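A quick write-up on the structure given underneath.
Read-outs throughout are calculated quantities, based only on the coordinates presented, and are distinct from any laboratory measurement. Keep in mind that what you see is a predicted model, and the values were worked out from it rather than measured. Positions of Cβ are backbone-derived with ideal geometry, glycine not excepted, and every protein chain shown enters the neighbour counts.
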Amino acid sequence: MKNNVIEIDHLSTYFYTEEGAVKAVNDVSLRIREGETVCIVGESGCGKSVTAMSIMGLVEEPSGKVVDGRIHFEGRDLLSIDKNELRQIRGNDIAMIFQEPMSSLNPVLTIGTQIMEPLMEHQKLSKKEARKRAIELVELVGISRPEQIVESYPHELSGGMLQRIMIAIAISCHPKLLIADEPTTALDVTIQAQILDMLRQIKEESNTSILLITHDLGVVAEIADYVIVMYSGKIVEEGDVVELFEHPKHPYTQGLLRSKPIIGQRQEDLYSIPGQVPNPLELTESCYFHDRCEHCMSVCRTQQPVLHPMAGRQKVACWLYEEGVSHG
Ligand code: SF4
């Protein structure tokens, strides 16, 4: 069996508002193996991006805080190492591609300078070597005229090109783990397919592990080996992509899959899960999905289900699969 690149145990990240603490990530545990693509899927606000930010050490205190857990990467707990060590790991061993390249790139620095920076800092390349590598990387992510592109500023390039540049920066130091937060959301479908192809190629050629955050089940089906479904800060189901798509167990996963558009389907025929995500400030000791669930039982309103192993690697947090529970 392949080794785990990262192991996260019981991670909890809260944000503090005047009304109280929002449990954005609530007791989340996950593993990513070498060369594996894990997708975290769920609606906005389910905690998927905050999980990624927690791994990268990007949760800003005092408004946010990782309050509990362990993030183990190559024998080190990222939550307890000092800031300098974390900075060395970030951008070198773990890199991140953000959703909005335009707001992630510095508008006053050339593309070349921004690709060269991590190469000089982490790989200790000279300026000349870094420039040569920057040109190779621009070519590698499929952009023509790389010598000219490295002299350009972000506003001179299209959204698709900027996202490729973000990928070039992210892979420049051969990370072991690449975190991509909705990397294709702002792009049209043709460019989206090209970016997904590129991520697949990076994984195959370099055995890079990928953690992909998305709300798009089409993207998950294209690229995932393993899928984690989050709802209101908690993992409600996880499993190998085929298991999960063919035999979804949790009513929320089933609803998400039913609401996936099918080619030729009329907009008005598209299924949507009834109701709303609960207010994060008003969560109780219940299944957080109970208000929207057609299978809701009395136990669901008073006790929270925990993740329960099913066949293979699949796990589900739902009282329907617990033995001895009254289905009343
Ligand atoms: Fe529905 Fe109950 Fe399962 Fe929650 S625990 S998803 S309310 S059946």
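When only the Cβ of Lys, Arg, Asp and Glu is charged (+1, +1, -1, -1), the dipole of the chain relative to its Cα centre reaches about 600 debye. Across the range 132-147, coupling constants 3J(HN,Hα) worked out from phi with the 6.51/-1.76/1.60 Karplus curve, θ = phi - 60°, read 4, 5, 4, 5, 4, 5, 4, 5, 4, 8, x, 9, 7, 6, x, 4 Hz, and Gly and Pro carry x. Three semi-axes describe the equivalent ellipsoid of the range 66-126; taken as square roots of 5 times the Cα gyration tensor eigenvalues and ordered largest first, they are 26, 16, 9 Å. Label positions at Ala221 and Ser144, each projected 7 Å from the Cα along the C-beta direction, are separated by 3.3 nm.
Go ahead and run the numbers for FRET between Glu285 and Ser152, Cβ-Cβ distance against an R0 of 51 Å, rounding to 0.05. Don't skip to the end; give the middle numbers.
Numbers: r = 54 Å, r/R0 = 1.07.
The pair Glu285/Ser152 has a calculated efficiency of 0.40.
The HN-Hα couplings worked out from phi for the range 213-226 by the Karplus form 6.51 cos²θ - 1.76 cosθ + 1.60 (θ = phi - 60°) are 9, 7, 9, 9, 5, x, 5, 4, 4, 5, 10, 6, 9, 9 Hz, whole numbers, x standing for Gly and Pro.
Calculated mean residue ellipticity, 222 nm, the chain: -9000 deg cm²/dmol, from DSSP H runs (n ≥ 4) at -39500 (n - 2.57) each, averaged per residue and rounded to 500.
Start at zero, step by 5 Å, and the Cα-Cα distances of the range 82-222 spread as 2, 10, 21, 24, 22, 13, 6, 2, 0 percent across the bins. Converting phi to 3J(HN,Hα) with the Karplus coefficients 6.51, -1.76 and 1.60 and the offset θ = phi - 60°, the range 62-77 yields x, 5, x, 7, 7, 9, 7, x, 8, 10, 9, 10, 6, x, 10, 8 Hz in sequence order, with x at every glycine or proline.
For the chain, the extents of the C-alpha atoms along the principal axes are 71, 51, 45 Å, listed from largest to smallest. Sites counted here are trypsin sites (Lys or Arg not before Pro) in a DSSP loop (not H, G, I, E or B) having no more than 11 other Cβ atoms within 10 Å; the longest part of the chain that contains none of them is 125-265.
Put simply, the amide H of Lys249, placed in the peptide plane, has no neighbours under 5 Å, leaving out anything fewer than 5 places away on its chain.
Taking the inverse of the mean reciprocal distance over all distinct Cα pairs, the Kirkwood hydrodynamic radius of the range 147-276 comes to 16.8 Å.
Report the extension gain between Arg87 and Ser29 in nm, rounded to one decimal, defined as 0.36 nm multiplied by the number of residues separating them, less their alpha carbon distance. List each step's numbers first, then the result.
On the way: separation 58, 0.36 × 58 = 20.88 nm, distance 2.33 nm.
Answer, rounded to one decimal: 18.6 nm.
The distance linking the range 1-58 with the range 240-319 is 19 Å (Cα centroid to Cα centroid, whole angstrom).
Applying 1/(1 + (r/R0)^6) with R0 = 45 Å to the Cβ-Cβ distance of Leu307 and Met120 gives a FRET efficiency near 0.55.
When the dipole is taken about the Cα centre of the range 47-180, and only Lys, Arg (+1) and Asp, Glu (-1) are charged at their Cβ, what size is it in debye, to the nearest 20? Could you put the intermediate results ahead of the total?
Working: 16 positive and 17 negative charges, 44 e Å.
For this selection, approximately 220 debye.
Dipole orientation for the chain: of the candidates Leu178, Tyr16, Pro251, Leu178 has the Cα lying most toward the positive pole (charges on Cβ; Lys, Arg +1; Asp, Glu -1). Given +1 at the Cβ of Lys and Arg, -1 at the Cβ of Asp and Glu and no other charges, the dipole of the range 1-99 around its Cα centre is 240 debye to the nearest 20.
Quick one: Val141, Val108, fewest Cβ neighbours within 10 Å first, how do they rank? Show your work: numbers first, answer last.
Values: Val141 23, Val108 7.
The most exposed by this proxy come first: Val108, Val141.
Exceeding 22 Å between C-alpha atoms, which entries from my cross-link table qualify? They are Lys2/Lys203; Lys23/Lys83; Lys65/Lys315; Lys48/Lys176; Lys48/Lys249; Lys2/Lys176.
Among Lys2/Lys203; Lys23/Lys83; Lys65/Lys315; Lys48/Lys176; Lys48/Lys249; Lys2/Lys176, the Cα-Cα distance tops 22 Å for Lys23/Lys83; Lys65/Lys315.
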